[in-house]
1. For region 321-342, which positions are in contact (Cβ under 8 Å) with a residue 24 or more places away in the chain and either out of contact with any helix residue (DSSP H, G or I) (no Cβ under 9 Å at 6 or more places or on another chain) or outside the structural domain of residue 293 (by TED's automatic domain parsing) (or both)?
2. Could you tell me which of the residues 221, 196 is in the same structural domain as residue 135 (by TED's automatic domain parsing), out of contact with any strand residue (DSSP E or B) (no Cβ under 9 Å at 6 or more places or on another chain) and farther than 28 Å from residue 130 by Cα?
3. Looking at region 245-260, can you tell me whether even one residue there is out of contact with any helix residue (DSSP H, G or I) (no Cβ under 8 Å at 6 or more places or on another chain), at pLDDT below 95 and not in a helix (DSSP H, G or I)?
4. Tell me, please, whether a residue that is closer than 28 Å to residue 35 by Cα and assigned by TED's automatic domain parsing to the domain that holds residue 58 can be found in region 180-187.
5. If residue 146 passes every condition in (1) assigned to a helix (DSSP H, G or I); (2) over 49 Å from the mean Cα position of the chain (by Cα) but one, which one does it miss?
6. All but one of (1) over 21 Å from residue 131 (Cβ atoms); (2) at pLDDT 85 or above; (3) surrounded by fewer than 15 Cβ atoms within 10 Å (Cβ to Cβ) hold for residue 7, so report the exception by its number.
């Protein structure tokens, strides 16, 4: 293998010079060339964009694929540029088990046929979920990954190169200052101070030119972040559209399933969804109402004289409450029946 000794020596010398310059800057013994405020603002915007894009991609992938093991598996397949084997979603596995259980209990039974119907819907939901994950990856996470791995990496690379050019420039400035301080002093090592100064100034002009050129390149790349924001905005809009479409499909599937199951209600004896919800609400309202009443034991049989009174039998426990401006009667509640009952026929519980 051929080695360019001069290039190796030159690169080594430049690396040492940069280390020395950086050390002196941190110690406060050397000046540092500062970039203009506009450039710094552009860099801050780019760095903020990078940090938040990474976080948004990471969180989106966590929502789409909650299992961290699957995310790692997908990452490995992506890095080795190999297609990942098809993988069923959890909903699809649930649907398969429901269908298998329904066939085991018997498709002719109410429970078995319902299991099969629900299982088929769960499979459709799982497929819809997989389609949503794929469309979201295509319209949102993949473009953001491409930005991070492409444009952002290029910006960081050019920014790092600019920092090296800046260190070279400041090192040249230090050599010029030192050479000027040597003017008028005796010749050292056979090289006149004027020659040292002339060489240092030539190096400074070259370093300044390379720094300015690299700063312009980096600045142009940083200004392109505005275009990237516009692209990310389009991706965000597509994500919302994909998510909206996904939930609409889920609602449609579940509505269809509820309609199918409602037809089985009369056969199985199970109340339809709306009736079940109504019964539950009625029960909850009744329980809330009884919570404000007192409990009392009926001491004697009492036959209601009209529709405003409550009949009761000895030993029954009912719920009661006071009737305003009536010292002789209380309002009694037993199940669905309610009415007035004499206070003398009741023994209140403590």
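1. 321, 332, 334, 337, 338, 339, 340, 341, 342
2. Values: 196 fails: out of contact with any strand residue (DSSP E or B) (no Cβ under 9 Å at 6 or more places or on another chain).
Answer to the check: 221.
3. no
4. Going through region 180-187, the residues closer than 28 Å to residue 35 by Cα turn out to be 180-181.
Then drop every residue that is not assigned by TED's automatic domain parsing to the domain that holds residue 58, which leaves 180-181.
Yes, that holds for at least one residue.
5. (2)
6. Residue 7 satisfies all of (1) over 21 Å from residue 131 (Cβ atoms); (2) at pLDDT 85 or above; (3) surrounded by fewer than 15 Cβ atoms within 10 Å (Cβ to Cβ) except (2).
The values are calculated or read from the model by the stated rules, or taken from the named source; none is laboratory data. Owing to the predicted nature of the structure, the values given are computational and were not obtained by experimental measurement. Positions of Cβ are generated from backbone atoms using ideal geometry, with glycine treated the same way; all protein chains shown enter the neighbour counts.
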